[in-house]
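A.B. asks: Mind looking over this structure? Questions follow.
Taken together, the values in this text are just the output of simple stated rules run on the coordinates, not laboratory data. Because the structure is predicted, anything quoted here is derived from the model rather than measured. Don't worry about glycine lacking a Cβ; one is built from the backbone with ideal geometry, like all the others, and counts go over all protein chains shown.
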Amino acid sequence: QQQVKQSPQSLIVQKGGISIINCAYENTAFDYFPWYQQFPGKGPALLIAIRPDVSEKKEGRFTISFNKSAKQFSLHIMDSQPGDSATYFCAARAGANNLFFGTGTRLTVIP
Amino acid sequence: NAGVMQNPRHLVRRRGQEARLRCSPMKGHSHVYWYRQLPEEGLKFMVYLQKENIIDESGMPKERFSAEFPKEGPSILRIQQVVRGDSAAYFCASSPFRDRQPQHFGDGTRLSIL
């Protein structure tokens, strides 16, 4: 049973465009939602994270939008660059429990 | 300022052999997490350890898998009598606090079972 559902599986975006990755969850106990970026052959790296008491968090070109009532959250990458090409994972955690990861989105940014 | 170090990076074993994966956490970190990543899938939690203690092993298969984090030396994930289904990338992460949000992952060990 997949606790966090992520879409799309893959995404191709032109350089300068906006990349949008969506995640949905059912467990209302989740209270921490991080996004990880993973390059081929590397481990995931924490990119940005949000808690459900805010609807949006922005760090540079990366923004998380959070919709508590819909139980959805998304990652927006503005002005996407070829260097952003990687696999992105959303995740969720309830309290002190472990992270549940989505299945990943492979982003390709075309020059 | 070394990050989380995992070795070996690649490990090939035949069915029935043992696999030992090592993880050295970041300096000053006393909490280690192991995750498994199957092809085209996200990471799945396996075990969470503090020095000399297993805090949570709810994600570990009941048989053949074990983990330790001794007072001295790296954390070890041990898989006995490996089977084809054990082929995966195994990632280790560390944290300075008793916190379930691993921020720093190693680059993983890719285990292939022949």
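A.B. asks: What does the charge add up to near A:Gln81, with Lys and Arg as +1, Asp and Glu as -1, over the other residues with Cβ less than 11 Å from its Cβ?
C.D. replies: 0
A.B. asks: Looking only at the stretch B:70-114, which residues have a backbone nitrogen under 19 Å from a spot 7 Å from the Cα of B:Ser30 in the C-beta direction?
C.D. replies: B:70-76, B:93-104
A.B. asks: Let's test the formula: R0 of 25 Å, r as the Cβ-Cβ distance of B:Asn53 and B:Arg78. What FRET efficiency results, to the nearest 0.05?
C.D. replies: Approximately 0.90, to the nearest 0.05.
A.B. asks: With the convex hull built on the Cα atoms of chain A, state its orientation-averaged projected area in nm².
C.D. replies: 6.8 nm²
A.B. asks: Students often forget the sequence filter, so: which aspartates and glutamates lie under 20 Å Cα-Cα from B:Lys71 once same-chain residues fewer than 8 apart are removed?
C.D. replies: Cross-link targets: B:Glu52, B:Asp56, B:Glu57, B:Asp99.
A.B. asks: Using only Cα atoms, what Kirkwood radius does chain B have, in angstroms?
C.D. replies: Result for chain B stands at 13.9 Å.
A.B. asks: Right, here's the next one. Mind counting lysine pairs for me in chain A? Cα separation below 26 Å, and the two need to be 8 or more apart along the chain or on different chains.
C.D. replies: Number of lysine pairs found: 14.
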